[in-house]
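> If you scroll down you'll find the structure; I have some questions about it.
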Amino acid sequence: MSQIKTLVIGGAGFIGKNLVPILLDSGRYVTVLGRKLLSTYDLPANAQYVEGDFGNLALIARLLDDNDEVIQLAYATVPNTSYENPLGDLLENLPATVQLFAEIAARGLKLLLVSSGGTVYGEAERLPITEDLATKPISPYGLTKLTIENYARLYSVTKGLKFICVRPSNAYGMGQMPFTGQGFVSTAIASVMQNKSVQIFGEQGTVRDYIYVSDIASGIYAALDKGKLNETYNIGSGIGLSNLQLIFRAKLLLESNGCMVNVQHLPAREFDVKQNVLDSTKLTEHTQWSPIIDLDAGLVMTTNWLKGFNG
């Protein structure tokens with residue numbers, strides 16, 4: 001059997017750096033496409049890195065001609081910036097992604113699309129959320145993510161696109177940069193370490209399920225390797241915590257490191273889903289995937305990494 005060649009778009013980011021080693025260990029030949037210089041990242045030496053924008057048709061066509069499957073991790077905006085500039089969110093993400101789908105379909109390649117479990121559902125009818133519940137996003141970010149999913153489904157019907165979609169919940173862990181507008185855990189811990197208040201929007205903040213980044217990476221690989229075409233899979237812990245509950249969960253750990261925890265409550269934001277907890281039963285049933293890192297262990301690893309990051 002010939003070696004599978006995998007193109008990971010956006011693979012030098014937080015999730016990608018955890019996913020690429022898994023792909024390499026599976027025997028795949030991995031090419032990573034990213035927009036920044038390789039020196040910024042610590043990818044394995046046996047992964048090929050290409051600097052460029054996947055919206056560049058000539059570049060993406062050349063890369064697709066030399067690969068068997070594609071994992072699409074890239075997204076140009078975060079929820080905050082998408083709310084401030086919804087048109088920019090669409091223009092920066094949708095045209096290039098739809099073009100990518102057409103090129104993948106034309107070559108008969110397989111696509112693993114990484115969407116957003118935290119935003120596409122909106123205010124769900126019940127918790128935890130299963131994949132068959134209605135998708136009613138309340139943010140431009142979630143709406144664009146869902147539109148991208150719908151284009152994948154459209155192209156599966158009209159152009160024969162072979163795709164699998166995953167919807168991860170809130171990733172955290174070593175390597176997640178704080179203060180980027182995404183990633184409450186790293187930003188909260190780094191804030192405490194820098195003697196800043198942890199900002200919470202509303203009395204308790206939003207309720208989310210937090211899953212360690214290596215578990216998200218293994219879930220993406222499980223969906224790619226054993227998932228069924230045209231299926232959508234949640235990747236989450238199934239355990240919901242408010243922002244305030246999460247801070248208190250980490251409080252003793254932070255205080256043992258000589259840090260004082262202070263919380264600043266800000267007005268709730270219109271585009272924040274109040275509660276979002278994902279049910280990953282389908283992914284487990286189809287692939288036997290399950291998360292390994294529990295929250296307390298993950299918080300310890302994240303805190304230790306941030307101590308080094310903060311110098």
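The values are calculated or read from the model by the stated rules, or taken from the named source; none is laboratory data. Keep in mind that what you see is a predicted model, and the values were worked out from it rather than measured. Cβ: placed from backbone, ideal geometry, glycine included. Neighbour counts: every protein chain shown.
Residue-wise test of (1) out of contact with any His (no Cβ under 9 Å at 6 or more places or on another chain); (2) closer than 16 Å to residue 155 by Cβ; (3) surrounded by 21 or more Cβ atoms within 10 Å (Cβ to Cβ).
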residue	(1), (2), (3)
9	yes, no, yes
85	yes, no, no
99	yes, yes, no
111	yes, yes, yes
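Rundown of residues vs (1) in contact with a strand residue (DSSP E or B) (Cβ under 8 Å, 6 or more places away or on another chain); (2) of a type outside the set (A, V, I, L, M), yes/no style:
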residue: 36; (1), (2): yes, yes
residue: 57; (1), (2): no, no
residue: 70; (1), (2): yes, no
residue: 114; (1), (2): yes, no
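> With respect to residue 217, is the statement that it is more than 18 Å from the chain's Cα centre (by Cα) and in contact (Cβ under 8 Å) with a residue 24 or more places away in the chain true?
Values: more than 18 Å from the chain's Cα centre (by Cα): no; in contact (Cβ under 8 Å) with a residue 24 or more places away in the chain: yes.
The answer is no for residue 217.
> Now for a separate question. Just wondering, is there one or more residues in the stretch 80-97 that are touching a Leu at 6+ places or on another chain (Cβ under 6 Å) and modelled with pLDDT of 95 or more? Talk me through it step by step, then tell me what you get.
Keep residues of the stretch 80-97 that are touching a Leu at 6+ places or on another chain (Cβ under 6 Å), which gives none.
No, the stretch 80-97 contains no residue that is touching a Leu at 6+ places or on another chain (Cβ under 6 Å) and modelled with pLDDT of 95 or more.
> Any residue in the stretch 181-203 that is within 20 Å of residue 115 (Cα to Cα) and hydroxyl-bearing (Ser, Thr, Tyr)?
So far as the stretch 181-203 goes, no, none of its residues is within 20 Å of residue 115 (Cα to Cα) and hydroxyl-bearing (Ser, Thr, Tyr).
> Moving on. Exactly one condition in (1) within 20 Å of residue 171 (Cβ to Cβ); (2) touching a Phe, Trp or Tyr at 6+ places or on another chain (Cβ under 9 Å) is not met by residue 26; state its number.
(1)
> Shifting gears a bit: Of the residues 61, 45, 76, 106, only one is within 20 Å of the chain's Cα centre (by Cα) and free of Cβ contacts under 8 Å to residues at least 60 places away in the same chain; which?
When all the criteria are applied, what remains is 76.
> Looking at the stretch 44-60, is at least one residue at negative phi, outside any strand (DSSP E or B), of a type outside the set (D, E, K, R) and in contact with a Gly (Cβ under 7 Å, 6 or more places away or on another chain)?
Of the stretch 44-60, the ones at negative phi are 44-51, 53-60.
Pick out the ones that are also outside any strand (DSSP E or B) and you get 44-47, 53-60.
So of that shortlist, the ones also of a type outside the set (D, E, K, R) come out as 44-47, 54-60.
Next cut, in contact with a Gly (Cβ under 7 Å, 6 or more places away or on another chain) only: 59.
Yes, the stretch 44-60 contains a residue that is at negative phi, outside any strand (DSSP E or B), of a type outside the set (D, E, K, R) and in contact with a Gly (Cβ under 7 Å, 6 or more places away or on another chain).
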